Every structure is written in C-alpha cells, then in structure tokens.
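All of the numbers you see were taken from the coordinates with simple rules; none came from a lab. All of these numbers come straight from a predicted model, not from anything done at the bench. Here the Cβ is made from the backbone with ideal geometry for all residues, glycine too, and neighbour counts use every protein chain on show.
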Amino acid sequence: MHVLMISLEDEIVARPEGDARRRHERYAEAAGHLTVIAYSRRAGGRGGSLTPHLTAFLCGGPRALFLPRAVWAGLRRAARPVDLVTSQDPFITGLVGLILARLLGAPLLVQNHSSFFDNPYWIAEHPLRNRLFNALGKAVIRRATMHRVVNEAEREKYLVAGIPAERVRVIPLANPAPFTVEIPPEEVAAQRAAWGLDETHHVVLWVGWPVANKRVPLLLEAMRRVAAADRLARLVLVGDLGRSLDDLPALIARLGLTGVVIAPGPSAHADLPRIYRAADVYALTSVYEGLPRVLSEAGASGLPQVVMDAPGVREAIRDGENGYCVPFGDVDAFAARLLDLLGDSDHRAAMGRAARTFTLTRFDPDRLFQAWMDCWKDTVDSRQSTVLS
C-alpha cells in the first residue's frame, strides 16, 4: 500500500532522532510505503527518501502558499499509484487531501487530533479564522471516506452530523512505553537538584506548549493557593513558555509565586521520563484537548493527575482512581485536590500505581498501532467495495 500523508508538522524531516520520525518509520514499513508532504516554516524543498519505506518533503514559505504548493508536491511525488490519502486535520491539510484524493482517484482519511467542531473556546481564540475553519472542516469531513478522531466527544459530533458510525474511528495517539523504564534514584535526585530542589519538596509538574487552550494562568492561580498551605510545594513548567507566555515572569511575580514556580525551558523528548519521575503529581488545566499525550506519559510514569474536566481530558482520568477530575474553572477544588495528594504520600503512591495500570491498558501502543494500520486498510477496502458495487 502507498499512503500519501499531508501534514503541518516537519519534525519527521527536521528531527530524525525524534518520536515522530520513529513512529512514521514504523507506519511506513507496515504499510509498504509512506510519502509525507509537510509544511515547514524552516525551509522548503528539503527531504527525500528517509528510509526504503518512508519519503518526506517539506513545503516552505508563507502558510497561505501551502495549499497550492502541497497539491503540486503531492502530484509530483505520486510517482507510484497512491492507494490512500490521509490528512493531519480537517482544515487546510484536509482540503489539500480532498483535492489530491480526487485528482489521484484515491480514498481520503481525515484525522482530527483535538476537539474543534462547534467548540466555543476554540472559535473564540481566533473568531473570524476559526469560524471559517469550522465551516471548511465540516465541508471536508462530509466528503471524506473515513475519519480518525482521538476522543469519544468529537466522534459524537461526527455522528450528529450524519456521518455513519463505521466511518469514524477513535484512535488516540500515545506511546507510554518509554515512560515505564525504571530511572535510578540518583538520576531522579540529580533532576531535582537541577531545578534547585531536593527530596523534601512537593513537586507539581506541567509539560507542554502553553497555547491558549492550556489555560496555564489558571494553574498558576491554583498553585498560589497550594503554596499558601504547603511551603514546600513547587510547580515545574517544562516547555517553550516564551513562545506564548511572554509575560510569565510578571504574572508569577504578581501572584507572589517567585521561587515557587520553576520554568527550566523546553526539554528533549528523551529526557522526559526522568523529568516525570522527579515529580509527585501531574496537573492539567486545559479547557479542551484531543486526548493529551502528557496524561499517558504521566500515568505510565506512575504519577497521579489532577485535571479540569474538559473534552478529551476526562477520557484519560477515572476520577478518584488514577487522579482527580474537577469542574473546569474551579480553582479552589483544583488546589484542594493537589493538596490532598501532596500531603499524603501513601495515597499518592496508590493513585500512581492505579495510573500506571490504567495507562498501560487503555493506551497499549501495539494495540493503538494496529488500530491505525487497520484504519488505513479498511479505508482502502471500503473505497474498493464502493467502486465494485
């Protein structure tokens, strides 16, 4: 099978050592051949044959030019017959995929990695643009052959829109395996020392890129309440915070959290297992998600989690078993749950064990990989059955 994938992520080419590259190498080998056309801010035209089964090309320049460039690149790179076209989202890459699928006579599988459609919080982030995307995405998915979403809440929107249930697969993206590896105690201690902490501190962890839906200021508000009750509590924010929280130092100072909040910056994916093990609790205050990989990473690391109830989050948490899910925006309840866990090591350890068991069952990487490969095959088979009938 030859699969043509349209993507907005260039890490497959730009970061050969990264998790995305390894994941797509595995997809390509299982399918037969995978050609990726990806948008890149860094440079256009790079790429080529990355493995015998994986080919990738980058389209650079302004994003507005991505659509015609991606269509042209897709047609040029489709030297062999294309059995399946898949897009990373139902918007720009979905439109590119729809055009290419029609031109190449291939079925289209559209992915959706978040909770977009008719989501008032997402629309409010860029009202004009996202209203247009909302309409565009709905037009694209009505014309696609198959759909991959990552949570049940988004799948339900597709069913309400009249898309048959057999054409919508829920397949989260998670790889908890690297986070189950045991980390020597001295490495955990060294990680804490790098943050200026020791074994007496109570560490709340957050990992990611603080875009609007992550609601990091809410987490800081909760941490202000936690720190007032627990002088050893610390919040470690791991990620490229400067890209979207330019006023973070000022906000930390205004909330009286100087010395309480530690922001070491971004970290390599290979370092994350050690980072999770150096924490006591994982916290997430997102207003919506697809199904955040950080929760499967934290769970596999044995961390209990405190989250705010939101689409794509609640499916990773069994409230009171592997963590706590509080009503969105209830900062007092969120802080109280953090304090419950930070103040009781036995309770924290029991929830951490439950988190690992739940994660390794719910997000078994081999099962998810096979579900994704089956989705590819079923999309091709369903198109062939339609043609034959």
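The H on the amide N of residue 207, modeled in the peptide plane, is under 5 Å from the matching H of 238, each at least 5 residues off or on a different chain. Distance between the modelled labels on residue 156 and residue 247, one decimal in nanometres: 3.6 nm (7 Å Cα→Cβ projection). Here the translational diffusion coefficient of the chain follows from Stokes-Einstein with Rh set to the Kirkwood radius across Cα pairs; for 37 °C and 0.692 mPa s it amounts to 149 µm²/s.
Per residue, what volume in Å³ does the convex hull of the Cα atoms of segment 83-193 enclose?
Hull volume normalised by residue count: 162 Å³.
Straight Cα distances below 20 angstrom link residue 138 to the lysines 157, with same-chain residues fewer than 8 positions distant left out.
When the Kirkwood radius is taken over all Cα pairs of segment 201-271, what Stokes-Einstein diffusion coefficient follows at 20 °C and 1.002 mPa s, in µm²/s? Can you show the working numbers first?
Values: Rh = 12.4 Å.
In µm²/s, the coefficient is 173.
Computed from the C-beta positions of residue 135 and residue 212 and an R0 of 22 Å, the FRET efficiency is 0.60 to the nearest 0.05. Binning all Cα-Cα separations of segment 177-362 at 10 Å, short to long from zero, yields these whole-percent fractions: 10, 41, 40, 9, 0.
In segment 4-97, the ratio of gyration radius to Kirkwood radius, Rg to Rh, stands at 0.92 when only Cα atoms are counted.
Evaluating 6.51 cos²θ - 1.76 cosθ + 1.60 at θ = phi - 60° for every residue in segment 279-286, the Karplus couplings come out as 9, 10, 9, 9, 10, 9, 10, 4 Hz, glycine and proline recorded as x. Residues whose amide H lies under 5 Å from that of residue 313, counting only those 5 or more places away or on a different chain, are 289; hydrogens are built 1.01 Å from N in the peptide plane.
What number comes out for the charge environment of residue 289, summing +1 per Lys or Arg and -1 per Asp or Glu over other residues with Cβ under 12 Å away? Display every interim value, and only then the final one.
Values: positive: 214, 215, 293, 314; negative: 154, 309, 315.
The answer is +1.
Restricting to Cα atoms and excluding each atom paired with itself, what does the Kirkwood estimate give for segment 245-330 in Å?
On the way: mean 1/r = 0.0700 Å⁻¹.
In segment 245-330 this quantity evaluates to 14.3 Å.
Report summary: the helix-based calculation at 222 nm, which adds -39500 (n - 2.57) for every DSSP H run with n ≥ 4 and divides by the residues of the chain, gives -13500 deg cm²/dmol. Stretching residue 353 away from residue 309 to a fully extended chain increases their span by 13.7 nm, per 0.36 nm per residue minus the current alpha-carbon distance. Size of segment 145-220: Rg and Dmax of its alpha carbons, in Å, are 19.9, 55. I'd like the distance separating the alpha-carbon centroids of segment 324-348 and segment 73-88, in whole Å. Using only Cα atoms, the two centres lie 48 Å from each other.
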